[in-house]
1. For region 601-608, indicate whether the set of residues that are free of Cβ contacts under 8 Å to residues at least 40 places away in the same chain and over 25 Å from LEU504 (Cβ atoms) is non-empty.
2. GLU259 - would you say it is modelled with pLDDT under 75 and open to solvent by 40 Å² or more (accessible area, probe 1.4 Å)?
3. Just checking: which of the strands (runs of 3 or more DSSP E) contained wholly in region 570-637 hold 2 or more residues that are open to solvent by 70 Å² or more (accessible area, probe 1.4 Å)?
4. Suppose we filter region 442-484 for residues that are among the hydroxyl-bearing types (Ser, Thr, Tyr), at pLDDT below 90 and crowded, with 16+ Cβ neighbours inside 10 Å; how many remain?
5. Criterion first (under 28 Å from the mean Cα position of the chain (by Cα) and open to solvent by 90 Å² or more (accessible area, probe 1.4 Å)) does ARG420 satisfy it?
6. Give the residues of region 271-283 that are at pLDDT 80 or above and in a strand (DSSP E or B), sorted by residue number.
7. Looking at region 668-691 only, could you name the residues that are farther than 16 Å from ALA656 by Cα and either open to solvent by 60 Å² or more (accessible area, probe 1.4 Å) or of a type outside the set (S, T, N, Q) (or both)?
8. Pick from region 114-134 the residues that are in contact with an Asp or Glu (Cβ under 8 Å, 6 or more places away or on another chain) and either part of a loop (DSSP other than H, G, I, E, B) or among the β-branched types (Val, Ile, Thr) (or both): which of them is farthest from ASN154 (Cα to Cα)?
Amino acid sequence: MRMLFVCLAVAFVTTITALAADVTLPAIPAPDVEPTTITAPPPSEQIKPADEIAGPLLESPSPVMPSRPTGPLPHLERVPDIGSGFIHVSADSLKTTADENGKPVLTVATGSVCARYRDMSITANKGQVDYSTNIAVFEENVVFKLGIQEAHGNRVEVNIRTLKWSIDTANITVTPDFTKGLIKAPVFAGAAKIAGLRDREVSASQSQVTTCDLPHAHYQIITREMSVYPNDKIVFHDAEFVVLGRRLFKLSRFVVPIEEIRKNPNLIPRIGQSAEEGAYLKLGYSLWASQSNTTFLLADLMQRKGIGLGIQDTYKTRSGGGTAYLYALNDQNIDKTTLTGRFNHTQLLGGVRMDLSSDFRSNSYQYAPQSKSIDNRIGFTRDTTNARSALRINQSVNSVFQRTSTLSAHASHRQMFGDRDYWDTSFDYTDYSASGTNRARLVSQTHFSKVEDKYDWDISAQKITDLSDEAFVGVGQFGGIEKLPELSISSDTTRLGKVLPFGLPARMSLSYGRFVQIPMSEIDRAFLDITSPSVRRNLSHTWALTSGGGFKQFIYGDNTAQYSIDANAQLSKILGNSSTFDLTYRYQMPKGFTPFRFDYTGKYNIINASLTLSDSAKYKLSLLAGYNFEQKNFPWQDSVLRLSYTPTNSVLLYTATGYDFNRSQWRQVINQLRIRSREDFKLDIGTRYDPISKRLATVRGVLDTSLGRKNRIQAIAGWNGITKDFEYRGLSVTRDLHCWEASLTFVDQGGFYNNRGIYFNVRIKAFPMLDTFGMGNFGQALDTSVGQVY
């Protein structure tokens, strides 16, 4: 039930923040100061989801028919923006009293009072503005409108100088349009008084919140006092949860982090049963809350593991903030104490940003039962108009089978000279220790780039310094490439003009440098690269030719050399409205020798043919084949066949396979089936058949359908035909309870550790919550994808 309390808390902060963000009522606003208005686009301008595309399915299961909120969704008319920085007041009767100097002291309005300011309006039976106290008050049948939001109350008071405001006996309806997807149905809220200062802190007294649209709501949250810190948290005092007219429980204090509700799993009590933990109950309680600090106590009661206790603290400083977390568990499964701790802090030090973090784990069953690990990080960054500097230091110590330690550091600086020229410098240090040995190195790099009108030129250098201890020196060295240094010049025919025969377009670069491929000696290297990009030429209305090529020349200081010629061409033929035939040729042939691994150039001489037939929207057939003239033993590339068939808008069949001409055998066969029926049925099935073993290697399926008007069933399963066992399976049954819904979920997943259990969840339908059904143990999507044939 406390989960419902959390959802309503988020809704209420949306309501109050809406008012706080927009209530700016200066009689004469300061120059160049414009109030901020938070609004949502009308439904006609909102982005609609794209239609599904026929083809291989690579998606996680999603609800076909999500829970529909109860009652009609109101769409309030937006208040027109009058574009004025002054308050305009009209009434049946207006009377202003002035002092002896002619300055206004008091304005009184009665009868059909209307005050306008940009996209805000206030209507009431009477109102007055006291210029000596800067207080504006409107009373009786008050309607307070901001954008598309509307509040009703008995009295509104605004300090036009400090922008403090309050609404007495307020009733507010927050619409989905205003929240931009935060809610799916209206939230009805009321309070004896709501008060705030600009869009900073907001407080409410004697408030009630619900999303039930019945005259006698199924549930309500009633609080004596509530403090709202926009974009941070809500603090409730003496909060009661009322269901079906009965008070279930009362909390003296409850804190809801607005932006990080999903990052606090124990904030919503969880009840369930799993193979690893047995039956469990996981709870959280807010120990302390202030404007700059929030502390939670965590308790996990687990049948098989025991009792786990933790504390989590979130804090803010003047120019920074962070989180701290500590959790301890005397794990009965491994008979050891598990300790987990995390710390993160961000701080601005003048123009420098500092990020500090630490992560500690001891005897974690998800990592290794008998292990300890600690990871510490600190980083500094500084950005200016023409420069960026960064320093990062990481330390990682692990003790599993042996103790290992890694220390790394990175320092970098980029200096801009104008809009296009720059100079980069960086240093990377790595130190690895294990089994009494130490391996360390420093990589130093620098790179300067300058852009001219006709050409660009760059100069770069890289040096590797081995800092290993004596036990490692002589036994081996770090690998890597050193530049001592390298100078390169590059340009193209767009900048140089038609310098090549036949006016061919090309990109050209020439470089010379001294390189060391450790542990080799120094070798000079010159490199010329000329590349002509692919250009398409239409031969007729149905024929087209696309071609390109390139030349590379390498010359080395050890009297060796290498050159390479590459070319590509594609002849295309249009067959009908959407059918095509393509014949593609690719050629690359290096000659000579290179002493450097990074200059190795592969050989290929390949021709490919592809036929795509799609004259009807119902089917698409593609056939691919190829031959490699450089492969003497296995020249034929697999011939691939892909077929998709859509007999109706709700059914899709897809199949793909390949044939190996070299071995005269079929490749695996991929099949997928997708069925949709109206808005309440979804079935996806994917299979992979192995013709060699003559068995289904993989079968995966997803079902999502309604059962009657108030029930929905989701099922997912993955079968491994090799091990003849399920890799995962799950079933979820959801019941519609008007403004709530309840779900019972069964999960059975293998992998690094088994996750098998039954979970029960109750939530308010108006609030979209993270649904973990269809996710693996590590957050990966479990879908009907069974691979592809290439």
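The values are calculated or read from the model by the stated rules, or taken from the named source; none is laboratory data. All figures in this text were calculated on a predicted structure; none of them were measured in a lab. In this analysis, Cβ positions are derived from the backbone assuming ideal geometry, glycine residues included, and neighbour counts consider all displayed protein chains. Keep in mind that these areas ignore ligands, DNA and RNA; they rest on the heavy atoms of the full protein, side chains included. Shrake-Rupley method; radii C 1.70, N 1.55, O 1.52, S 1.80 Å.
1. no
2. yes
3. 579-592, 619-628
4. Within region 442-484, residues that are among the hydroxyl-bearing types (Ser, Thr, Tyr), at pLDDT below 90 and crowded, with 16+ Cβ neighbours inside 10 Å number 1.
5. no
6. If the condition is that a residue be at pLDDT 80 or above and in a strand (DSSP E or B), then GLY278, ALA279, TYR280, LEU281, LYS282, LEU283 are the ones that fit.
7. Scanning region 668-691 gives ILE675, ARG676, ARG678, GLU679, ASP680, PHE681, LYS682, LEU683, ASP684.
8. Here the residue is ARG118.
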